[in-house]
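Q: Got a structure here, written out as structure tokens. Questions coming.
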Amino acid sequence: MKRSDFLIRLVSFVVFLAIAVYIGYAIIDAQLHPLSTVLAVRYTMEDAEETSGYIVREETPLAGARAVVTATEGEHLSAADPYAMEYLTSAALERAEKIRELDLRIARIDARLSGESSAAAAEAVMALSRAVSAGGAGGLDAALFGVRSQVFSEGGSASAEELAARRAELQQQRAQLQAAAGADTNALLAGRSGTFSAVTDGLEHIAPDALDGLQPADLPALFSGVRPVNAVGKLITGLSWYYVCVMPSAAANRLAAGRTAQLHFTQSFGRTIAMRVESVGISENGQCVVVFSSNRFLAEVAAVRETTASVVFASHDGLRIPREAVRVDEKGKYVFILTGLQAHQVYVDVLYELGDYYLVESVTPGELAEGVSVIVKANDLYDGKVVQA
């Protein structure tokens, strides 16, 4: 009997000791190898080359030392369209200012009569923004008055009949002023069709054919100039525009003349444009000149000369996770994700390497998704193991 009691106590002690050792080991292991996780984040990585260069177009400066610009930035003009009005006397200039003011006041009455005053106010603000960007004094004055005319009501709370009468009165005043305009006022015509820009920089003489055979050292001298004294704007007569830049030879050699490349112009006008590679120059000191062209968005780049762009060779979209979270066995690369309190093994394809990170997607769609906890560090992981922080 005593022997049986002794055996029971011995077995109980051994079981207790085993449990204590297991718990102690688990505690020590948790301290030495704590569970570490990260969230899988959707990430787009571009294989791109940052560049700095110049935009070139077929351009002609537009003269008019005493003229007030009437064309708007990016407007397409035909050969007979006026781009500015030239006023030879102070009386002519004063008359023109009054006519422009009357035009804006009449337009505002029209907006009120048609119930579009809110839209007209928004357009007035946009016109002011365009005028500030263009830098034309005449256009800026008109835009400022346009905003004022929307803020300070024309006719207050007048009825439709009163507004119509007021409009007729303003029309009559305008007609009288217009009839008085004579030899002291000249309309300056475009002379040929093209896109107008009020921004000039003295580099309008640089034509696209000047970009042939350039070396990197040629660009600073080519793109230096002084703004023409009498120019009030320029006319862009070609349908295409060109972006010329210097690139490392290794990156430029990934391009081929006649092929298409994607360029991000985020700094100047925020677009990604598919452009034709016109030429890849000869390498000089590890760099070469590359010329791109496009026949789209000409009006948007009309005022831009020097800018930056990213030449995108490839784009990769995947889930960003640390390298150390990726493990390898005979079947391939995999990660452990945390599902509840269990580790779940998920095989992945590595799409791109980002230093200490990988862009991955799960081999089985949907197993690894954005926001899922990926186990980076833990001890003795296996599929289905219960883990806790």
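The values are calculated or read from the model by the stated rules, or taken from the named source; none is laboratory data. Being a predicted model, the structure only gives us computed values, none of them experimental. In this analysis, Cβ positions are derived from the backbone assuming ideal geometry, glycine residues included, and neighbour counts consider all displayed protein chains.
Q: Does Arg296 meet the test of being surrounded by fewer than 20 Cβ atoms within 10 Å (Cβ to Cβ) and in a loop (DSSP other than H, G, I, E, B)?
A: Considered against the rule, which asks whether it is surrounded by fewer than 20 Cβ atoms within 10 Å (Cβ to Cβ) and in a loop (DSSP other than H, G, I, E, B), Arg296 comes out as yes.
Q: Go over the candidates Asp317, Asp329, Asp356 one by one and state the one that is charged (D, E, K, R), farther than 30 Å from Glu58 by Cα and touching a Ser or Thr at 6+ places or on another chain (Cβ under 9 Å).
A: Step by step, each of Asp317, Asp329, Asp356 is checked, and only Asp317 is charged (D, E, K, R), farther than 30 Å from Glu58 by Cα and touching a Ser or Thr at 6+ places or on another chain (Cβ under 9 Å).
So that you can scan it fast, the table gives a plain yes or no per residue for (1) modelled with pLDDT of 95 or more; (2) out of contact with any Leu (no Cβ under 7 Å at 6 or more places or on another chain):
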site	(1), (2)
Pro248	yes, yes
Glu278	yes, yes
Leu319	no, no
Glu330	no, yes
Leu338	no, yes
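Q: While we're here: Just for region 250-300: of the residues that are among the hydroxyl-bearing types (Ser, Thr, Tyr) and under 24 Å from the mean Cα position of the chain (by Cα), which one is nearest to Leu77 (Cα to Cα)?
A: It comes out as Ser294.
Q: Identify, please: which residue in region 306-321 is in contact with a Phe, Trp or Tyr (Cβ under 6 Å, 6 or more places away or on another chain) and more than 30 Å from Ser373 (Cα to Cα) and is, among those, surrounded by the fewest Cβ atoms within 10 Å (Cβ to Cβ)?
A: So the residue we want is Glu306.
Q: If I filter region 338-350 for residues that are exposed (fewer than 13 other Cβ atoms within 10 Å of the Cβ) and touching a Phe, Trp or Tyr at 6+ places or on another chain (Cβ under 7 Å), do I get at least one hit?
A: no
Q: Same structure again: Show me the strands (runs of 3 or more DSSP E) found entirely inside region 33-107 where at least 1 residues are in the same structural domain as Ile321 (by TED's automatic domain parsing) and under 30 Å from Val326 (Cβ atoms).
A: Here the list reads 36-39, 41-56.
Q: Give me the pairs, please: first residue somewhere in region 360-389 and touching a residue at least 60 places away in the same chain (Cβ under 8 Å) and surrounded by 10 or more Cβ atoms within 10 Å (Cβ to Cβ), second residue anywhere and among the hydroxyl-bearing types (Ser, Thr, Tyr) and in a loop (DSSP other than H, G, I, E, B), beta-carbon distance under 9 Å, and either six or more positions apart or on two chains.
A: none
Q: Starting from residues that are modelled with pLDDT of 85 or more and in contact with a Lys or Arg (Cβ under 7 Å, 6 or more places away or on another chain), keep the ones in region 63-101 and report whichever is surrounded by the fewest Cβ atoms within 10 Å (Cβ to Cβ).
A: Result: Ala79.
Here's the yes/no breakdown for (1) part of a strand (DSSP E or B); (2) of a type outside the set (A, V, I, L, M, F, W, C); (3) out of contact with any strand residue (DSSP E or B) (no Cβ under 8 Å at 6 or more places or on another chain):
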site	(1), (2), (3)
Arg254	no, yes, no
Gly258	no, yes, no
Ala261	yes, no, no
Phe269	no, no, yes
Met275	yes, no, no
Val312	yes, no, no
His316	yes, yes, no
Leu319	yes, no, no
